[in-house]
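Student: Would you mind keeping the following structure in view while I ask a few things?
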Amino acid sequence: MSTVQQSRYAGTEPVRPGYQIDPIRLTAWLEIHIEEFSGPLSIEQFKGGQSNPTYRLRTPRRDYVLRRKPPGNLLRGAHAVEREYRVISALLRVGFPVARALAMCLDDAVIGTWFYVMEMVNGRVFWDSTLPGVIKKERPQYFDAMNATISALHQLHPGTIGLADYGKPGNYFARQISRWSRQYTEDVVAGRNSNMDRLVDWLPSHIPPGEQTSIVHGDFRADNLVFHPHEPRVIAVLDWELSTLGHPLADFTYHLMMYRLPPTILGGFSGTDQGVLGIPSEAEYMAAYCRRTGRTELTDLNFYLAFNMFRFAAILHGIRGRLMRGTASSVHAKAMADNVEPLAELAWAHAQRS
């Protein structure tokens, strides 16, 4: 599965039909807005990424990455590339590992939709969370680097880095459940699922007590991290589309889903022999996060996992809707959308254990 995932999602390919960018118009804009930019420019599209189309811009001197809103009719509030640009700009200023944001374009006339350009960070990206290619004795260090990175994010104070208004403080689970329930139910073209319907009813009345607020990434998985080419160190966290102010345990337990999801769902390795691979146990991984963030324990785990699996299923349900409307940005959209049913079933199973 790891070889299949890596070849399926890693790297670039020719720009897909419907997502072309006029290189002449883009070059003219880049020459004005990015210091020392010099063509000629060639454009390729990254294979991965299900929501905002992402491109590699090649020039003789250096490469860049462009993230844009997809063309076509979009759901309200989705694909907010301007929010991505804002959060990575703020995080860069305090030394958190992100790609350097270079320029933002809010003019549809340039390439058809809003977009931003950031630096190209070269390193290792793993589309399989078991980190194939890393030797066993080093694998715990790579997992610890992921753990340290998400812990560091949750220790940042939004107000001190200019992100106090990046989201609404408090009631995070209620707002998120409402948002993804609405997005699921309103996307009628993508159909309905009985387990999702059950979760829409169950989740609001089972939210654990207590409020905490931090910056949350929203999609913290191994494939959204760039590791140093040779060291167990995260040098950039990518894809901030779902970031906001929210409950840090929601963010961490989304990341923790890798322990509970099967390998057939992107990011999961449930059922693999973690001892043979050198992967720390789920309990060890949770303990490391608690130690770093000053927690004594992590309670209500089944609720958090049910919530995140529901949310993930709603995201994939949205991909199915975009696929059916013809606005899906990845050729692998169908493979992702096919996971809605098994993920919703797993989410409901965790809800029943809660």
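Every read-out reported here was derived from the displayed coordinates using simple, explicitly stated rules and does not represent laboratory data. As the structure is a prediction and not an experimental result, all values here were calculated from the model. Note: ideal-geometry Cβ built from the backbone for every residue, glycine included; neighbour counts use all protein chains shown.
Student: Under 10 Å, Cα contacts only: if you run a Gaussian network model on the chain, which one of Asp338, Asp165, Asp223 comes out with the highest mean-square fluctuation?
Tutor: Ranking Asp338, Asp165, Asp223 by mean-square fluctuation puts Asp165 first.
Student: Classify segment 142-264 from the C-alpha gyration tensor, please: rounded if a/c falls under 1.5, else prolate or oblate depending on whether a/b exceeds b/c.
Tutor: Oblate is the answer for segment 142-264, as a/c is 1.5 or above yet b/c matches or exceeds a/b.
Student: Then there is this: Working from Cα positions, state the angle (0 to 90°, nearest 10) between the long axis of helix 81-93 and the longest principal axis of the chain.
Tutor: On a 0 to 90 degree scale, this one is about 80.
Student: Also, I was wondering about something else. Full-extension gain between Thr12 and Ala335, please, as 0.36 nm times their residue separation minus the C-alpha to C-alpha distance.
Tutor: Full extension from Thr12 to Ala335 adds 114.5 nm.
Student: While we're here: About its Cα centre, how strong a charge dipole does segment 178-219 have in debye, to the nearest 20, once Lys and Arg get +1 and Asp and Glu get -1 at the Cβ?
Tutor: For this selection, approximately 80 debye.
Student: Shifting gears a bit: Taking the alpha-carbon centroid of each part, what is the distance from segment 224-245 to segment 168-184 in angstrom?
Tutor: 25
Student: Turning to a different aspect of this structure: Can you compute the FRET efficiency between Asp273 and Arg353 using 1/(1 + (r/R0)^6), with r the Cβ-Cβ distance and R0 = 30 Å? Round to the nearest 0.05.
Tutor: That gives a FRET efficiency of 0.80.
Student: Here is a follow-up. Given a Förster radius of 45 Å and the C-beta distance between Lys136 and His206 as r, what FRET efficiency does 1/(1 + (r/R0)^6) yield to the nearest 0.05?
Tutor: Once rounded, the FRET efficiency stands at 0.70.
Student: Met120 label point, 7 Å along Cα→Cβ, cut-off 19 Å on backbone N: hits in segment 233-269?
Tutor: Residues 235-239 qualify, since their backbone N sits under 19 Å from the label point.
Student: Select from Phe312, Ser42, Met257 the residue farthest towards the positive end of the dipole of the chain; place +1 on Cβ of Lys and Arg, -1 on Cβ of Asp and Glu, and compute about the Cα centre.
Tutor: Toward the positive end, the furthest listed residue is Ser42.
Student: Let me ask something else about it. Computed over the Cα atoms of segment 15-174, what is the convex hull's projected area averaged over all directions, in nm²?
Tutor: That works out to 12.2 nm².
Student: What does the extension gain come out to for Arg233 and Arg61, with contour length at 0.36 nm per residue minus their alpha carbon separation?
Tutor: Here the answer is 59.3 nm.
Student: Using the 2.2 N^0.38 Å rule of thumb for compact globular proteins, work out how the chain stacks up: its C-alpha Rg over that value, please.
Tutor: 0.97
Student: Something else now. Within segment 80-187, list the trypsin sites (Lys or Arg not before Pro) lying in a DSSP loop whose Cβ has at most 13 other Cβ atoms in a 10 Å radius.
Tutor: Arg100
Student: Moving to a separate point now. Where the only charges are on Cβ atoms (+1 Lys, Arg; -1 Asp, Glu), what is the dipole of segment 136-353 about its Cα centre, to the nearest 20 debye?
Tutor: 140
Student: Given Cα pairs under 8 Å that are at least 6 residues apart, what percent is the relative contact order of the chain?
Tutor: Taking the mean separation of contacting Cα pairs over the length of the chain, I get 19 percent.
Student: Of Phe143, Ala190, Pro208, which is farthest along the charge dipole of the chain in the positive direction, counting Lys and Arg as +1 and Asp and Glu as -1 at C-beta?
Tutor: Ala190
Student: Can you give the extra length, in nm with one decimal, that the chain gains between Leu106 and Arg175 once fully stretched, where that is 0.36 nm per residue apart less the Cα-Cα distance?
Tutor: 22.1 nm
Student: For segment 17-49, run through the GluC sites (Glu not before Pro) and keep only the ones in DSSP coil with at most 16 other Cβ atoms within 10 Å of their Cβ.
Tutor: Those satisfying the criteria are Glu35, Glu36.
Student: Measuring from label point to label point, each 7 Å out along Cα→Cβ, what is the Arg192 to Met324 span in nm?
Tutor: About 1.3 nm separates the two model spin labels.
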